[in-house]
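Here the structure is laid out as structure tokens; the discussion comes afterwards.
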Amino acid sequence: MTPLSDFMYEFIDTLAGHLSMTAYLLAVTDERMVWKRLKKLPPLLLSSLLAVLLSTILYTVPELDTLHYFIISFSTLIMYTFWVRWAWQLGFWRALAASCMAGIFQVTATALSGILFWVVLSHEYTHFTLALGLHLGTCIATALLLYKLRFGKYFRLLLDSESAPWRTALLLLSLETVMEMFYGLANGVRPEYLLLYYLLMVVTVVLIAALMVYLAQRIDITRKMQAWQDVVAQQRLYEQDLEMIRREVRAFRHDYKNLLAGLAQQAGEPDGLRRTLAELDTGFDLRIGEKIRASVQIGNLQIPEVRSLLLTKLTAMQEKGIECRLEALYPVTAVDMDVWDFVRCLGILIDNAMEAAQDVERPWTEIVLLAQDGQVFVHISNPYANIIEPEKMWDDGWSTKGAGRGLGLPGYQHILENHPNASSCTGWESGVFVQELTVRKKL
């Protein structure tokens, strides 16, 4: 073959590897808006071209012959990670974790296609087009299997976990390195053991996938247990407020006769009587009325997970001196999306409102939940004192207080991408920042 032919073959092979990883990436992130992501495929051509150019340069250094494959694989992984960060709008560590998981499956698909060659074609690797088609077919088939098994649902729990994402990324990078080493060392395996070697690679990846599911399930169980503990704790707090209201009413009734006696003495003084009644009314509102109103609003939140979250956040705001106005005008009995995803979205919006509100002299937040005709509407507003940059607002880690302080808005967007019936709206004017979330009833 001519050098140009060799270059083109290697470029097509590298591009096929990128496409295979993309198929697995869609599966491991449980992506539902596939076409939106596929529109951003063209830059992968540049990544493949750079990888081939780097490979061509490395061929001129014979001393790197053994490390050639590993250098190219690592370089390709890093370039692919930056593409994922751009296309998926993920932070670097989450993009690296997703790329490594896709890379692990891609390496295994190569080994699996090697098994098929061995069994079906008696290890004849001479036809490039057939080999490429078999490899891509294997990748697509196994990616669809991952979709069917909902592997991405569990992996997203790991990816969106609040724990340090670099730990997950480094764990998967280590496992990806091991798998690349396994595949790179296959050239030294005797032909009669090659089939068994590839089978061991496939089994290893199955165990890695099982480990990821197990870790995700542990995170999910821990999160649900914590939520139910919050339900119990905050229910006790709710009951304490009701008991306090009951005592206040009893105390008011106990002093009722004395109050009437005092009012009777002022019966001939209408102005004084009106003033005293106004003071009593104001005192009652301050002592009891607000607690009753808040209890009624909380009572309308009939989804335990949502009520637990709101009680937790109200307690946190009270401790931080943030005034919160909660409105739930109608009973909120159900929301037409995964309840835990809804709770995560609500938590992210409230946390951001709390964070921003603390920068003003009199911090406050307003939370409104409205449920009608199967639709749930959320309105959260707060004052802000820092500069808002709309083009950076959804970047991972961005905050008005500086880099590294972002509280999950990119994760909020990624959650909503998996729920087409949910939409968000953001606005700010005259020092008030507003976030709205609407969850429509599915048709």
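The values are calculated or read from the model by the stated rules, or taken from the named source; none is laboratory data. Please read all numbers here as calculations on a predicted model, not as lab measurements. Backbone-built Cβ (ideal geometry, glycine too); neighbour counts: all protein chains shown. Note: accessible area is taken over every heavy atom of the protein model, side chains too, but ligands, DNA and RNA are not part of it. Shrake-Rupley method; radii C 1.70, N 1.55, O 1.52, S 1.80 Å.
Can you pull out the residues in region 143-152 that are assigned to a helix (DSSP H, G or I) and over 19 Å from S99 (Cβ atoms)? If you could, list the steps in order and put the result at the bottom.
Initial filter on region 143-152 (assigned to a helix (DSSP H, G or I)): 143-148, 151-152.
Across region 143-152, the qualifying residues are L144, L145, K148.
Return yes when T365 is open to solvent by 30 Å² or more (accessible area, probe 1.4 Å) and not in a loop (DSSP other than H, G, I, E, B) and no when it is not. It would help to see each step written out before you state the result.
Values: open to solvent by 30 Å² or more (accessible area, probe 1.4 Å): no; not in a loop (DSSP other than H, G, I, E, B): yes.
When the stated conditions are applied, T365 does not pass them.
So, in region 328-355, how many residues would count as being open to solvent by 20 Å² or more (accessible area, probe 1.4 Å), out of contact with any helix residue (DSSP H, G or I) (no Cβ under 6 Å at 6 or more places or on another chain) and either under 18 Å from A385 (Cα atoms) or outside any helix (DSSP H, G or I) (or both)?
Residues meeting the conditions: 10.
Every residue in region 314-352 that is free of Cβ contacts under 8 Å to residues at least 24 places away in the same chain, over 25 Å from Q413 (Cα atoms) and touching a strand residue (DSSP E or B) at 6+ places or on another chain (Cβ under 8 Å), please.
Quick first cut of region 314-352, residues free of Cβ contacts under 8 Å to residues at least 24 places away in the same chain only: 314, 318-319.
Adding the requirement that they be over 25 Å from Q413 (Cα atoms) leaves 318-319.
Listed by number, the list holds a single entry, Q318.
Here are the criteria: (1) in a helix (DSSP H, G or I); (2) open to solvent by less than 80 Å² (accessible area, probe 1.4 Å); (3) of a type outside the set (K, R). Tell me which single one D30 does not satisfy.
(1)
Filter region 419-436 for residues that are assigned to a strand (DSSP E or B), open to solvent by less than 30 Å² (accessible area, probe 1.4 Å) and more than 22 Å from Q358 (Cβ to Cβ) and give the result.
A422
With respect to F182, determine if the residue is under 26 Å from the mean Cα position of the chain (by Cα) and assigned to a helix (DSSP H, G or I). Even if it seems obvious, please write down each step before you answer.
Details: under 26 Å from the mean Cα position of the chain (by Cα): no; assigned to a helix (DSSP H, G or I): yes.
Taking the combined requirement at face value, the residue does not satisfy it.
Of the residues that sit in region 49-86 and are aliphatic (A, V, I, L, M), open to solvent by less than 30 Å² (accessible area, probe 1.4 Å) and at pLDDT 85 or above, which one is farthest from Y9 (Cα to Cα)?
Among them, the one singled out is V84.
So D160 ticks every box in (1) touching a residue at least 12 places away in the same chain (Cβ under 8 Å); (2) acidic (D, E); (3) within 24 Å of G114 (Cβ to Cβ) but one. Which box is left unticked?
The failed condition is (3).
Go through I71, I78 for me and flag whichever is more than 30 Å from I415 (Cα to Cα) and either touching a Leu at 6+ places or on another chain (Cβ under 6 Å) or of a type in the set (A, V, I, L, M, F, W, C) (or both). Don't jump to the end; show me each part of the working.
On the way: I78 fails: more than 30 Å from I415 (Cα to Cα).
None of the other options fit; the residue is I71.
From the residues in region 16-67 that are small (G, A, S) and touching a Leu at 6+ places or on another chain (Cβ under 8 Å), which one is farthest from A141 (Cα to Cα)?
Of the residues in region 16-67, the ones small (G, A, S) are 16-17, 20, 23, 27, 47-48, 51, 55.
Filter once more, so that each one left must be touching a Leu at 6+ places or on another chain (Cβ under 8 Å): 16, 20, 27, 48.
Details: A16: 15, S20: 11, A27: 11, S48: 23 Å.
Ranking the candidates gives S48 first.
Please enumerate the residues belonging to region 39-48 that are open to solvent by 50 Å² or more (accessible area, probe 1.4 Å), closer than 29 Å to Y154 by Cα and assigned to a helix (DSSP H, G or I).
If the condition is that a residue be open to solvent by 50 Å² or more (accessible area, probe 1.4 Å), closer than 29 Å to Y154 by Cα and assigned to a helix (DSSP H, G or I), then P43 is the only one that fits.
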